[in-house]
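Working notes for the structure below.
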Amino acid sequence: MLIKVGYEIAFNFPAAVPMVLMLRLHPSRQRSVRTGESFTVSPELPIHEFIDGYGNRCGRTFAPPGRVVFGNDVVVEDDGRPDPQSLDARQHDVQDLPDETLPFLLGSRYCEVDSELNDFSWNRFSASPAGWPRVQAICDFVHHHISFDYMKARRDRTAREAFREGVGVCRDFTHLAITLCRCMNIPARYATGYLGDIGVPPAPFPMDFSAWFEVYLGGHWHVFDARHNEPRIGRVLMARGRDAADVALATTFGQNHLESFKVWTDEV
């Protein structure tokens with residue numbers, strides 16, 4: 001299966017501003033690229049690329065005052081199968097976890113591993129079988145606890161607030177599920193990328209960029225999605241981190257106005 005993904009994002013800056021960008025595909029997707037990424041900036045700007053501490057492909061630039069448009073267009077190959085399921089994947093004891101998974105057990109900007117959520121998670125999920133079934137139980141809870149509502153999106157909502165308010169968008173489902181997993185000593189990390197409506201009925205709000213999460217079970221990282229709560233086809237990863245703060249598409253160190261935001265992800 002071939003999937004065409006891309007975007008056009010336009011900003012207007014009142015003054016020159018430094019930026020950190022995370023607008024390219026994740027390095028792990030490079031082997032699946034069938035037409036090279038057509039990353040563009042108008043006006044043309046020098047961009048210094050680097051790999052951050054989580055393995056994401058990033059860029060730095062200094063945007064001038066006025067309108068700046070970032071774009072990308074790429075065709076990737078996908079196996080066309082839903083997210084893999086490993087129903088017997090076991091949970092590791094903390095003392096047996098690889099060192100690199102340990103940061104994904106700790107609290108982070110949007111994922112408070114604190115007494116309220118920790119107590120709730122142990123009371124709610126400790127009786128469920130450890131491993132894959134426990135993570136699925138967490139997804140089931142979050143999927144039904146939060147009502148999806150674009151109009152109530154808020155960029156500063158944390159997992160605790162999503163738990164209390166019971167409303168949000170994909171990042172809120174993801175933050176709460178990650179936090180509950182971490183409370184149960186299951187390493188969980190945030191993932192973001194393209195997710196189209198491939199293999200599912202058309203929705204009133206077509207998918208484009210989305211958030212999901214990955215957990216470390218049975219020696220591997222596995223994909224889970226608390227918002228949809230079912231295996232999906234055609235995820236195209238852009239970035240991973242502890243939570244949404246680590247994977248912002250564009251971070252501006254100064255004032256900006258988002259003029260337009262267009263995303264596409266279509267089966268070719």
- Task: Identify all residues within the range 5-37 that are part of a helix (DSSP H, G or I) and in contact with a strand residue (DSSP E or B) (Cβ under 8 Å, 6 or more places away or on another chain); write none if there are none.
- Result: Pro27, Ser28, Arg29, Ser32
- Note on the structure: Among residues of the range 43-56 being open to solvent by less than 50 Å² (accessible area, probe 1.4 Å) and under 30 Å from Ile198 (Cβ atoms), the residue nearest to the chain's Cα centre (by Cα) is Asn56
- What single numbered condition from (1) free of Cβ contacts under 8 Å to residues at least 40 places away in the same chain; (2) farther than 24 Å from Glu230 by Cα fails to hold for Asp114? (1)
- Query: Looking at Asn72, is it polar (S, T, N, Q), open to solvent by 30 Å² or more (accessible area, probe 1.4 Å) and not in a loop (DSSP other than H, G, I, E, B)?
  - Reply: no
- Gly131: passes all of (1) over 30 Å from Thr158 (Cα atoms); (2) open to solvent by less than 40 Å² (accessible area, probe 1.4 Å) but (1)
- So, of the residues in the range 243-261 that are acidic (Asp, Glu) and within 16 Å of the chain's Cα centre (by Cα), which turns out to be most open to solvent (accessible area, probe 1.4 Å)? Asp246
- Determine whether Asp172 is touching a residue at least 12 places away in the same chain (Cβ under 8 Å) and acidic (Asp, Glu). yes
- Name every residue in the range 103-121 that is exposed (fewer than 12 other Cβ atoms within 10 Å of the Cβ), assigned to a helix (DSSP H, G or I) and of a type outside the set (Asp, Glu), in order of residue number. Ser115
- Query: Is at least one residue of the range 139-156 without any contact (Cβ under 8 Å) to a residue 40 or more places away in the chain and under 20 Å from Tyr216 (Cα atoms)?
  - Reply: yes
- Does Leu87 fit the bill of being over 26 Å from Asp208 (Cβ atoms), outside any strand (DSSP E or B), of a type in the set (A, V, I, L, M, F, W, C) and free of Cβ contacts under 8 Å to residues at least 60 places away in the same chain? yes
- Task: Sort out which residues of the range 11-40 are charged (D, E, K, R) and open to solvent by 50 Å² or more (accessible area, probe 1.4 Å), and write them in order of number.
- Result: Arg31, Arg34
- Restricting the range 209-242 to residues that are over 16 Å from Glu100 (Cα atoms) and among the charged types (D, E, K, R), the one surrounded by the fewest Cβ atoms within 10 Å (Cβ to Cβ) turns out to be Glu230
- Message: Residues that are modelled with pLDDT of 95 or more, among the basic types (Lys, Arg) and in a strand (DSSP E or B): does the range 59-69 have at least one?
- Response: yes
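The values are calculated or read from the model by the stated rules, or taken from the named source; none is laboratory data. No experiment lies behind these values; they were computed from the predicted model shown. No Cβ is skipped: glycine too gets one built from the backbone with ideal geometry, and neighbour counts run over all protein chains shown. For accessibility, only protein heavy atoms count, side chains too; no ligands or nucleic acids. Shrake-Rupley method; radii C 1.70, N 1.55, O 1.52, S 1.80 Å.
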